[in-house]
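Inspection log for the structure reproduced underneath, given as structure tokens.
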Amino acid sequence: MKLEVLEKDKVYHIYNRGINSETIFNSDENKHYFLKLYSKYLENKADTFAYCLMDNHFHFIIRIVNEKEITQALSNLFNAYAKAFNKQNNRTGSLFEKHFKRIQIINETYLLNLIQYVHLNPKHHLDINYKNFPFSSYQSIISDKPTKLLRNEVIQLFDSKNNFIYCHDFKNEILSEKHMLE
């Protein structure tokens, strides 16, 4: 299978899950460590619009800054995390599915919907309030605290912080209604 090359200045949805859908984060400390490694390996190589870490998968929406180093940086991130996780849990072998998935975002509408999808993962998968979920970029985007996220760019995409919040609430309502009808 030929994997799409990650190109400079393009935006991508990067995601993967545990092999056989197994847990890849079994504690908050695991998730904090993964984010620390993400920051270490991807600094100056990618800008981040949004992310969410679930127990058995993750999502990142990034723009490539350094295309020559990004694929190796992502590989280093996943390998470093897998080695630490395996050592901590006395396990061996692959942690993630073979290759991380990558989808190029080609239009703004898709990007807006994807940001909401990523942030609503806790609601969709765990039926918990996405607004308080600590391992998503939602809180950082609505906060005024310093962040490495592309907060201003994300808010601009939604026209305002209030509209960012409104769009997420509206999409959450739709998901809740759909879930109740099933």
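The values are calculated or read from the model by the stated rules, or taken from the named source; none is laboratory data. All values derive from a computational prediction rather than experimental measurement. Cβ: placed from backbone, ideal geometry, glycine included. Neighbour counts: every protein chain shown. Side chains included, ligands, DNA and RNA excluded: accessible areas come from the protein's heavy atoms. Shrake-Rupley method; radii C 1.70, N 1.55, O 1.52, S 1.80 Å.
Before anything else, pin down the relative contact order of the range 29-130: Cα pairs under 8 Å, at least 6 apart, normalised by residue count, whole percent. Numbers along the way, then the final one.
Details: 84 pairs, mean separation 26.3, N = 102.
Relative contact order, the range 29-130: 26 percent.
Need one number: nm distance between label points at Asn113 and Lys8, each 7 Å from Cα along Cα→Cβ, rounded to one decimal.
Between Asn113 and Lys8, the simple spin-label model gives 3.1 nm.
Keeping every protein chain in place, order Glu43, Glu4 by accessible area at 1.4 Å, biggest value first, i.e. largest first. Walk me through the intermediate numbers first.
Details: Glu43 95, Glu4 75 Å².
Descending accessible area places them as Glu43, Glu4.
Report the full-extension gain for the segment His99 to Lys145: residue separation times 0.36 nm, less the Cα-Cα distance, to one decimal in nm.
So the extension gain works out to 13.2 nm.
In cubic angstrom, how much convex hull volume per residue do the alpha carbon atoms of the chain span?
Details: hull volume 24.0 nm³, N = 182.
For the chain, the hull spanned by Cα atoms encloses 132 Å³ per residue.
Would you mind calculating the gained length between Lys161 and Asn44 on full extension (0.36 nm times residue separation, minus the Cα-Cα distance), in nm to one decimal? Can you show the working numbers first?
Values: separation 117, 0.36 × 117 = 42.12 nm, distance 2.63 nm.
Result for the pair: 39.5 nm of gain on full extension.
List, in the order given, every pair from Lys36/Lys83; Lys8/Lys148; Lys148/Lys171; Lys87/Lys123; Lys101/Lys171 whose Cα-Cα distance in the structure shown is over 21 Å. Let's see the in-between values first.
Values: Lys36/Lys83 15 Å; Lys8/Lys148 19 Å; Lys148/Lys171 26 Å; Lys87/Lys123 31 Å; Lys101/Lys171 24 Å.
From the list (Lys36/Lys83; Lys8/Lys148; Lys148/Lys171; Lys87/Lys123; Lys101/Lys171), the Cα-Cα distance tops 21 Å for Lys148/Lys171; Lys87/Lys123; Lys101/Lys171.
What base-10 log of the normalised intensity I(q)/I(0) is obtained for the range 68-146 from the Debye formula, alpha carbons as equal point scatterers, at q = 0.15 Å⁻¹?
-0.86
Given a 1.4 Å probe, how much area per residue of the chain is accessible, in Å²?
Working: 10460 Å² over 182 residues.
Accessible area per residue, the chain: 57 Å².
Given springs between every Cα pair under 10 Å in a Gaussian network model of the chain, which of Asn76, Asn132, Asn90 has the largest fluctuation?
For the chain, modelled as a Gaussian network with Cα springs under 10 Å, the answer is Asn90.
For the chain, calculate the relative contact order in percent as a whole number, restricting contacts to Cα pairs under 8 Å that are 6 or more residues apart. Don't skip to the answer; put the middle values down first.
On the way: 242 pairs, mean separation 47.1, N = 182.
Computed over the chain, the figure is 26 percent.
Quick check: at a probe of 1.4 Å, how many percent of the accessible area of the range 94-181 sits on carbon and sulfur atoms? Walk me through the numbers on the way to the answer.
Numbers: 2890 of 5360 Å².
The computed percentage sits at 54.
For every helix of n ≥ 4 consecutive DSSP H residues, a contribution of -39,500 (n - 2.57) applies; sum these over the chain, divide by its total residues, and give [θ] at 222 nm rounded to the nearest 500 deg cm²/dmol. Please report the intermediate quantities before stating the final value.
On the way: 7 runs with 88 residues, N = 182.
Per the formula, -15000 deg cm²/dmol.
Find the relative contact order for the range 17-66 and round it to a whole percent, using C-alpha pairs within less than 8 Å whose residues are 6+ positions apart.
With pairs under 8 Å counted, the relative contact order is 41 percent.
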